[in-house]
1. So what are the ³J(HN,Hα) numbers for the stretch B:120-132, from phi and the Karplus equation (6.51, -1.76, 1.60; θ = phi - 60°), rounded to whole Hz, Gly and Pro as x?
2. Taking Cα atoms of the stretch A:451-606, Rg/Rh with Kirkwood Rh, to two decimals?
3. Longer than 25 Å from Cα to Cα, which of A:K122/A:K280; A:K122/A:K357; A:K122/A:K449; A:K357/B:K39; A:K236/A:K367 are they? Say none if no pair is.
4. Would you work out the charge dipole size for the protein assembly as shown about its Cα centre, treating the Cβ of every Lys and Arg as +1 and the Cβ of every Asp and Glu as -1, and quote it to the nearest 20 debye?
5. Would you mind calculating the relative contact order of chain B from Cα pairs under 8 angstrom and at least 6 residues apart, reporting the percent as a whole number?
6. Can you work out the FRET efficiency for the pair A:A360 and A:H389, with r the C-beta to C-beta distance and R0 = 35 Å, to the nearest 0.05?
7. Distance in nm between label sites at B:H36 and A:A174, each 7 Å beyond Cα in the beta-carbon direction?
8. Sum -39500 (n - 2.57) across every DSSP H segment of at least 4 residues in chain A, then divide by the residue count to get the 222 nm mean residue ellipticity, nearest 500.
Amino acid sequence: MSADVTATPHAADGPADAAVRSMPDLDTVERAAQAPDTAQPFAELGLKDDEYASIKDILGRRPTTAELAMYSVMWSEHCSYKSSKVHLRRFGDLPKSDALLVGMGENAGVVDVGEGYAVTFKVESHNHPSYIEPYQGAATGVGGIVRDILTMGARPIAVMDSLRFGAADAPDTARVLPGVVAGVGGYGNCLGLPNIGGELLFDATYAGNPLVNALCVGVMRHEDLQLAKAEGTGNKVVLFGARTGGDGIGGVSVLASETFDAEGPAKRPAVQVGDPFTEKLLIEACLEVFAAGLVTGIQDLGGAGISCATSELAAAGSGGMRIDLDAVPLRDSTLTPAEILMSESQERMCAVVEPDKVEAFLAVCAKWDVLATVIGEVTDGDRLTIDWHGERIVDVPPRTVALEGPRYDRPMTRPADLDALQADAPPSSSADLRADWLALVSSPDGADKSWVTEQYDRYVRGNTVLAQPEDAGVLRVDESSNLGIALALDGNARFSRLDPYTGAQLNLAEAYRNVAVSGAVPLAVTNCLNFGSPENPEVMWQFAEAVRGLADGCRELGLPVTGGNVSLYNQTGDVAINPTPVIGVLGVHADVRRRVPTGWRAAGETVLLLGETRAEFGGSAWASVVHGHLGGLPPRLDLAAERTLAQLLTRFATEGLVSSAHDLADGGLAQAVTESALRYGTGATLRVEGDPTAALFAESGARVVVTTADPAAVRAAAADAGVPVTELGTTGGDALVVEGLLELPLAELRTAWTGTLPALFGSPELVVSAVPAGTVPTS
Amino acid sequence: MRIGVITFPGSLDDVDAARAVRLAGGEPVSLWHGDHDLKDVDAVVLPGGFSYGDYLRAGAIAARSPLMADVVAAAGTGLPVLGICNGFQVLCEAGLLPGALTRNSHLHFRNRDQGLRVERADTAWTSSFTQGQEIVVPVKNGEGRYVAADADLDRLEGEGRVVVRYVGGNPNGSSRDIAGVTSADGRVVGLMPHPEHAVEDLTGPSTDGLGFFTSVLTSLVGAA
């Protein structure tokens, strides 16, 4: 069949033409009132029967098509936290912290770090999109969290990523992982944000459901804080950044709030496409309009797009809002009003601007080549109204969209298999310590992560003091005072599978310890809670236990939870992921020049172990890698010991008593000393007492290995604090020797440690230099 | 000495370049891509980043920005110009330096601490080094593979216009391990590695990068 060349090409129609053509079908508020019984596809949009009924109750009529679109995305699990809210209240019940300037509920929490600086940080998931389209899913995950930080008024200064994939050798992991890593790098690198650390772990439960959790941290002066609020009748609502397209429609309601099943339709169009260049311009334009005092309220457009930004801004303010939807600049003129409201096109922001400042605001945007359009204004009513070519298509109380969504106290049951799992004690004796050591450090979880981190820029902005593979990322905040911050992300899911209450606290303890190891004082907590379907009572129990554990842990450590993110429905079919609460801890360095690295540089220093080792193998990397075993109980939690140890580590840093410090976690002492030795190629001769399997591989908490040129001072300080100290040996040589047990040449260890990821995911070989020195003529 | 640092839309290492100028003892001056105004600076740095998102070709759109016309004209009369990473790409696209930077041979973005050998210690930007000196400076790029026709490469080598070369492994597959080249008069230098990220012990793998910035300050004093 030949094309009809005489027909007017559709693309040549202006938006007005397209709209007029579709007007007879336009579902207006008036029409919704007149035709109350029109069948609506609420179930396809992810709403349950009773949720649809309560929308009708709120409006006193059926919703229009556009209103239905708004409610469906805003009442999705992703946006409304409807299954998790009743549990998350525990974080709000924590004692007030003087350091917390803005707490939960805003785009990100804000913490006072001293000298007039405030830091905002948050971690967010982009799991489902990253499975469907790894590169764009991961890239837009970074883009979204960066906009959250920007919205608070801060300049974003770094990112981190916490990643989980299925078995490392599974074919689908080879599809997903390289794309995710390239996406995290591609977006963050192009934005000019250093990536200062994170995690990369593998487990079969993540097959078909990888986790991509991205953290962003930003810094501002206290007075620069911005709020997501529409105030002041007559103030203009300005949409700025990218044009609105058809990408990401229903991303939050379809992708992030339902379980995938193999027979479902392809959901690729629900994944957004990122443009980091536009986001970079958006950052600079935003910071410039903030600095010039041109903004009274600001909100980013992420999940649920314009629906979310307008309803949240209006709900947080004291009045209403009127929007002319046809003013929204479009990439695709055929989009319907409902699609425009639901679109999750990236790199967009929405600001509330006083009328006499609009011109200056638009001028800044023009300077940065950022498209900016007035799309509406703040009104004195209490309604959010949206018009499309003069017809009213939305008329709702904004709080019912943004804040008063459904809440479920879902049924919970302790998993039926948990007693058997906890009773299944792990092995406790190694048949071959040397072979087990090599197996651990060459396992995908234990192996060198340079394959990933070399794809990330860690230098840009020139303030990166420590980055991966250090225990914590450390950034300088002020060049004259050397004030700085430290950040760590940890999420051991094996511990949480065995006991989610203790597991969440162990993750908190590890991130807390990692920040302290660098010499920083831990200050605040964020989290990203990745779980299976909340409709499964066993998963809901895991979630509630993890939240209870994290809240109790924060109370004991005296840390506020500044915000967080919940990602549910992480399962394929009936198989849920291991519960994965990823915990981020922020710390403060009074002087970043005092930071403590993990690597051993000098020979002849004393190696000391701080803390107590017990024969704890439940959920350990050793049990998993060597025996394929997951069972028993996780290590004993001792937050008082963690707190004492952290204070001691801060003292070490302040007084310059240690030359390195490395946290003991997955893989125990063996993994830690391997990493410290290989960092700069300095070996050690060590002695261990008691059961060698426990000494080398147990994962007891509250332990750190330090090296020092002044062991007497370290012992004295530890004795003051009541922290047990064991002398392990002395640095030096080109092997790790454990006297009487084993000897591992560093070359052999390095081969084992560095070979794994390149063998799995392809090796970007270095080309060996072919041009010898001195062969080039000089003028 | 006033050293201009140009900001293009998508420039990222402009703050780093300004810091490096300051630590070397110069006065950094911000220049805006859209202005025809070099603000009477004594030298210009084109910083790293992703100008215009690397769309079309890396550096291609920035090379056609208003200020670049002024840079090209001033370079013709001897203004020292340093292009770092994306800045190097811009200089090649603007015709101030020969060759082109293409996608890394392994197709990955790569960031590592890179060994370099200084092959020319007599350009405006490398006179603080000694001939053959080996230094460590971070490299980070996705499109850093230097290519040119064999005959052109032979000519560049013959004229001594390779300024720095990768040692200890070539991170991106660049022809003949070339990390940076210079103009015939030794006043314009472009290199993929980032000397502005190696200016402080606290944040860099070395302070070797400072030499590029002290070089230009010294050569300007010598010329004054």
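Coordinate-derived values only; no laboratory data. In this text the structure is predicted, and so the values were computed from the model without any measurement. Cβ atoms come from the backbone with ideal geometry, glycine included; neighbour counts cover every protein chain shown.
1. The phi angles translate into 9, 10, 10, 8, 4, 10, 10, 6, 7, 9, 10, 3, x Hz.
2. Ratio of gyration radius to Kirkwood radius: 1.05.
3. Where the Cα-Cα span goes over 25 Å, the pairs concerned are A:K122/A:K357; A:K357/B:K39.
4. Dipole size: approximately 960 debye.
5. Reported as a whole number, the value is 21 percent.
6. 0.70
7. 5.8
8. -10500 deg cm²/dmol
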